[in-house]
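Remarks on the structure that follows.
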Amino acid sequence: MARAPLLQLNEISLTFGGDPVFDGLSLVIQPGDRVALVGRNGSGKSTLMKVMAGLVEADRGDVIAGPGVSVGYMEQDPDLSGFETLGEFAAHSLDPGEMYKVERAGEGLKFDPARPVATASGGERRRAALARLMAEEPELMLLDEPTNHLDIEAIAWLEQELKNTRTAFVIISHDRAFLRELTRATLWIDRGMVRRQEKGFAAFEAWRDTLWEEEDMQRHKLNRKIKAEARWAVEGISARRKRNQGRVRALQDLRAQRAAQITRQGTAAMELDAGPKSGRKVIEATGLSKGFGDKTILRDFSLTVQRGDRIALVGPNGVGKTTLLNMLIGRVEPDAGTVKLGTNLELALFDQARAQLDGDMTLWESLTGDPDMRVSGKADQVLVRGNPKHVVGYLKEFLFDEAQARAPVRSLSGGEKARLLLAKIMARSSNLLILDEPTNDLDVETLDLLQELLGNYDGTVILVSHDRDFLDRVAATTIAMEGDGKATVYAGGWSDYLAQRGQDDFAQSVAETKKAAVARPKQDKTSKKGLSFTEKHRLEALPAELERLEAEIGKLEELLADPELFTREPVKFKKATEALVQRQEKLAASEEEWLELEEKAAG
C-alpha cells in the first residue's frame, strides 16, 4: 500500500516585486526522502524552503502536509528573542524529561546549553537551532545550510546522525561532500523551474550539464529555423503573399518563443592577478608558541612557505586556526618564536567575519570608498587591476544587477556578500592570498570557478576551511591543529591527511579538545549499568555502523578483485585501496569499541 506524501506543493506561484520566483511549481516529498535542494545563489532555494515550512505564503497554489505530519525548519538566522540561554531555546517544545536530547546534540554540535543568548555568537545560535530541530524529531526536517559554522568533526557527527535517522529531510548546503554522502534525490531550482532527479547530489553536475547541453542544442535548432524562415520571408513572400500568411505568422511565433526563453545566469567574471612575483621564500616561521590565559594555541611550531604553495589549516572550531593564520602574516605577535615575511609580497585577505564590508554602506560606496579602488576625480569608476571601470559594470561582472548597486550591503544574502568581498579582493593584484572560510554560502558554480582560479593562480595561497571537498581540490599541504598547542604538517588535502593520520586518531585528538572546551558533567542518570548517556547511545549505534563498514569493505574488495583495474584506472585503484585500508582499520577499532562498551554495560 502506497504511503501518503509528507508534503505536497501544488501549482505554487510567488512573486517579489519583479519577475516570478516560481510559477506553477509542484513537488512532492515522500516518507524516507533524503533530498538535496540546489541552485544558484538568489535562485530561491531558501524561499522555497520557507514556503514548504509555511513561513512564506505563496501568491497562488496549495501547500499540503500529510495528516499529523510535523515539519521542522532550521533557518539561517534563528530568532532567539525571549530566551535566556541556548539550552532554553533548544528545549522549548520538549517535555521536561527530554533535556538529555539537547545535551547530546550539544556534545555533537559543540555548543553549551548554559550559554546566555545575549553573549552567544551567530554560530552558536545556529547550532542551538539545529540541536532544537534534531531534538524535536519531526517527520520532515528542512535544513538550510546546516553545516555553516560547524567544524569538520561536528559536520561528521551531524552526517552520521542524519544517516541513522528515519526522518525525511531536505537540505540546502554548499558542502558537496556532505550532500554526496547523505542525499538520494535532488531538487534543482533553475530560472524558476524545479526539476527532480531520483539520484543524490553525486549525480547532479553530470545531470545538470546534460540538460544544459540539450537546451543549447534546442536553442541552436530554433535559431537555425528562424534564420531559414526569415530568409524565405525576404526572398519569396512577394510571389506567394496570400498563400503563406500563415507561415509569416509562424515565423513571428518562433521569434516570440525565442524572446520568451530565460537565459541561464552566467558565472561571475572572477579573475585573479598574481602581479609581480614574490621572493621564493614567502614566510619562514620558527619556534612559534601562543596562548591565551590557560589555553595553549600553539607550541614550538615551525613552517616554511614557498612561492606557489597551497596550504590549508584544519581543526576544530576554537583551536586557533585564524590565530595561526594571523601570526603567519604578521597581524598577531607570537608569545615566542619569529616570523619572517619574504620580499615583494602583495597580500589579499578574505576574512571569515567579512569585516571589510560595512553593512550600512551601499554596494556602490563599498567599492568606490575603498582607497585601493578609488579613481581620483571620478565618483562612478573604480580601479580594477590598474584599469578604471564603471562601478555598475564591475558589479555586473560579479552577478549583481544595477538596482542592487544602491542597496545596503546588509540586505545581501550570504553568497552575495561573499561575491562582493571577492570583487574587492580581485580588483587588485596579489601574490599572497589568505582565505579564511571562503566557501561559506557560495553556490556550486561559483565554487567551481574559484577552485579553477586558485589552480591557475601564480601566487601563494593559505586557507582555512571546513569544506572537505574544497580542501581536496585545492590544498597541496594540510596543517592539522589538534588542540593543546599541537600542529602537524601533512602532504596533500583532507583525504590525504586522513589516509596518513587515520580517522580514529583525529577523532581522539579533537575529543580531547572538546573535553577541554566544553567541560560539564555528562553522566546519564537513566543508565543503570555504568554507561554515560553518550556511551549508551554509542553502543546502540555501533551495530549499524559495523554492518555499514562491512558492506563498504565488501564493495571495495569486489571492485579491487578486477585484475585489470590497476592498469585501466590507476587513480581509481589507488583511491579504492586507500579507502579499503581506512575502512578495515575503522572496522577493527569499532569492533573493539563495541566489545569494551558491552563489557562495561554488563559489569
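A few comments on the model shown:
- Residue ID - surrounded by the most Cβ atoms within 10 Å (Cβ to Cβ), chosen from residues in region 250-299 that are among the basic types (Lys, Arg) and at pLDDT 65 or above: LYS290
- The C-beta contact set for region 315-336 (first residue closer than 14 Å to GLY485 by Cβ, second residue in a helix (DSSP H, G or I) and among the basic types (Lys, Arg), distance under 8 angstrom, 6+ apart or interchain) comprises GLY315/LYS321; PRO316/LYS514.
- Qualifying residue in region 316-324 (condition: aliphatic (A, V, I, L, M) and in a strand (DSSP E or B)): no
- Among the residues of region 316-336, some residue qualifies, meaning at least one is over 33 Å from the mean Cα position of the chain (by Cα), assigned by TED's automatic domain parsing to the domain that holds LEU471, surrounded by fewer than 15 Cβ atoms within 10 Å (Cβ to Cβ) and at pLDDT 90 or above.
- Number of the exception - ASP151 against (1) touching a Leu at 6+ places or on another chain (Cβ under 9 Å); (2) among the charged types (D, E, K, R); (3) touching a residue at least 40 places away in the same chain (Cβ under 8 Å): (1)
- Residue match in region 44-60 (condition: modelled with pLDDT of 90 or more, part of a strand (DSSP E or B) and surrounded by fewer than 18 Cβ atoms within 10 Å (Cβ to Cβ)): yes
- Note on region 121-211: enclosed strands (runs of 3 or more DSSP E) holding 1 or more residues that are among the β-branched types (Val, Ile, Thr), at pLDDT 90 or above and in contact with a helix residue (DSSP H, G or I) (Cβ under 6 Å, 6 or more places away or on another chain) are 168-172, 185-190.
- Residue within region 359-369 that is outside the structural domain of LEU150 (by TED's automatic domain parsing), among the hydroxyl-bearing types (Ser, Thr, Tyr), buried (at least 16 other Cβ atoms within 10 Å of the Cβ) and not in a helix (DSSP H, G or I) present: yes
The values are calculated or read from the model by the stated rules, or taken from the named source; none is laboratory data. Bear in mind that the values here come from a model prediction, so they are computed numbers and not experimental data. For neighbour counting, all protein chains shown are included, and Cβ atoms are generated from backbone atoms with ideal geometry for every residue, glycine included.
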